[in-house]
Amino acid sequence: MLQRTESRDRPALEPASAAAVQAPQAALRAACSGVCHGTLGELWQGPCEHEGELHIGLISLPVRRYSWMHFLPGEDGGIERDLAGKDKCRRAIEAYLQLHAVSLPPGRFSHDSELPTGKGMASSTADLVATVRCLDRVFGLRTTHEQLTALLRPIERSDSVFLDRYALYLSGRQRVLREFAHAPRLHACYIDEGGTVETEKLAEPLLRHYRRHRSSYRSHLDLALEAFERGDAVAVCEVATRSAQLAQWVTPKAHLDILLRHRRELRADGLVIAHTGSLLGYLFAQRPDSAQLGEVSAFFAGLGRSCRLIETGP
């Protein structure tokens, strides 16, 4: 008959080991994090008149890719070391502390992101918004949209990634002109043409281009607003296509023409580009099935580019 015996080879759990098991749980409770989604370029970008001046307006295309900022209180760290190469995030931290009249406790920052820089995915703005949201968690505060845009304004042109809906937004003034109640979900198959783009350097060339073609952009914006008010996903895709074509005069994409020529046979509802980035691709009002995705991927492979599928929308 088998008898139950205690193992003499396995030591009992010591108090120190029990504390070690609990350490990850304690760290989870202590950590503070902020998260912000990025974009896949813009569905519309063009001139917007506001208070007698011409500005760069845009309707960003949100995507489910994110930037994170973490703060671990009590750990050994320093902003200059923790956020080396993230100058704008450090500026945002300084501005936040001044805005709310608070002092940062001892701790360590860490950053992570799924958004490549200089491609047109709003990586920089997403980093800043994630930083502010992280600090809100640290101090138990809530930074309003008005406070956030005021904080962003002296740091950079921005996208409306802090919103959970589509909006017409002035990137330089950090002002929301109009929010849309409808939020159509789209799907994009896109490629990267390579290289990076510095958004700030394109501001003046874009404004010159917009002044020359103001009437075309004005009528196109009317179509965009109507499409969003109806929540018409197919019409929104058409708006994005026209915006890409208008931008070709000032920020040309090498593959735009060939994508336009093959759009119908690949059953795409439209095209989308990062107006100040290196990304472009097809938009679909319904998610492509595996066969259709294979066709699109093969087409992009023939161009020497890798296809990426992403779900879009807030």
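The values are calculated or read from the model by the stated rules, or taken from the named source; none is laboratory data. Being a predicted model, the structure only gives us computed values, none of them experimental. With ideal geometry, Cβ positions are generated from the backbone for all residues, glycine too; neighbour counts draw on all protein chains shown. Protein only, heavy atoms only, side chains kept; ligands, DNA and RNA dropped before computing areas. Shrake-Rupley method; radii C 1.70, N 1.55, O 1.52, S 1.80 Å.
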Determine if the range 163-180 includes at least one residue that is crowded, with 19+ Cβ neighbours inside 10 Å and over 29 Å from Ala224 (Cβ atoms). no
A careful count of residues in the range 233-268 that are closer than 14 Å to Ile59 by Cβ and among the charged types (D, E, K, R) gives 2
Residues located in the range 130-158, provided they are open to solvent by 10 Å² or more (accessible area, probe 1.4 Å), part of a loop (DSSP other than H, G, I, E, B) and either touching a Leu at 6+ places or on another chain (Cβ under 9 Å) or within 24 Å of Leu206 (Cβ to Cβ) (or both): Leu141, Thr143, Arg153, Pro154, Ile155, Glu156, Arg157
Hey, Gly34 at pLDDT 50 or above, assigned to a strand (DSSP E or B), under 26 Å from His209 (Cβ atoms) and touching a strand residue (DSSP E or B) at 6+ places or on another chain (Cβ under 9 Å) or not: no
Within the range 188-195, does at least one residue satisfy the condition of being modelled with pLDDT of 95 or more, more than 19 Å from the chain's Cα centre (by Cα), on the phi < 0 side of the Ramachandran plot and assigned to a strand (DSSP E or B)? no
Residue identified as of a type in the set (Val, Ile, Thr) and out of contact with any strand residue (DSSP E or B) (no Cβ under 9 Å at 6 or more places or on another chain) among Val250, Val272, Val234: Val250
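Conditions (1) in contact (Cβ under 8 Å) with a residue 24 or more places away in the chain; (2) in a strand (DSSP E or B); (3) under 22 Å from the mean Cα position of the chain (by Cα); (4) more than 28 Å from Arg165 (Cβ to Cβ), marked per residue:
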site	(1), (2), (3), (4)
Pro47	yes, yes, yes, no
Glu80	no, no, no, yes
Lys88	yes, no, yes, no
Tyr96	yes, no, yes, no
Leu99	yes, no, no, no
Val102	yes, no, no, yes
Ser110	yes, yes, yes, yes
When you scan the range 198-236, how many residues do you find that are open to solvent by less than 40 Å² (accessible area, probe 1.4 Å) and part of a loop (DSSP other than H, G, I, E, B)? 1
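Here is a yes/no grid of residues against (1) in contact (Cβ under 8 Å) with a residue 40 or more places away in the chain; (2) small (Gly, Ala, Ser):
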{"site": "Asp164", "(1), (2)": "yes, no"}
{"site": "Arg175", "(1), (2)": "yes, no"}
{"site": "Ala181", "(1), (2)": "yes, yes"}
{"site": "Asp192", "(1), (2)": "yes, no"}
{"site": "Thr196", "(1), (2)": "yes, no"}
{"site": "Lys201", "(1), (2)": "no, no"}
{"site": "Leu206", "(1), (2)": "yes, no"}
{"site": "Leu221", "(1), (2)": "yes, no"}
Exactly one condition in (1) under 30 Å from Cys237 (Cα atoms); (2) open to solvent by 30 Å² or more (accessible area, probe 1.4 Å); (3) in contact with a Leu (Cβ under 6 Å, 6 or more places away or on another chain); (4) not in a strand (DSSP E or B) is not met by Met121; state its number. (2)
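Only one of these is more than 22 Å from Leu163 (Cα to Cα), in a strand (DSSP E or B) and either open to solvent by less than 20 Å² (accessible area, probe 1.4 Å) or free of Cβ contacts under 8 Å to residues at least 12 places away in the same chain (or both): Leu266, Leu309, Leu280, Leu246. Name it. Let's see the steps before the verdict.
Numbers: Leu266 fails: in a strand (DSSP E or B); Leu309 fails: either open to solvent by less than 20 Å² (accessible area, probe 1.4 Å) or free of Cβ contacts under 8 Å to residues at least 12 places away in the same chain (or both); Leu246 fails: in a strand (DSSP E or B).
Of the residues listed, the single one that is more than 22 Å from Leu163 (Cα to Cα), in a strand (DSSP E or B) and either open to solvent by less than 20 Å² (accessible area, probe 1.4 Å) or free of Cβ contacts under 8 Å to residues at least 12 places away in the same chain (or both) is Leu280.
So if I check each of Glu114, Glu80, Glu94, which one is open to solvent by 40 Å² or more (accessible area, probe 1.4 Å) and closer than 26 Å to Arg64 by Cα?
Glu114
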Per the list (1) part of a loop (DSSP other than H, G, I, E, B); (2) within 22 Å of the chain's Cα centre (by Cα), residue check on Ala240 breaks on (1)
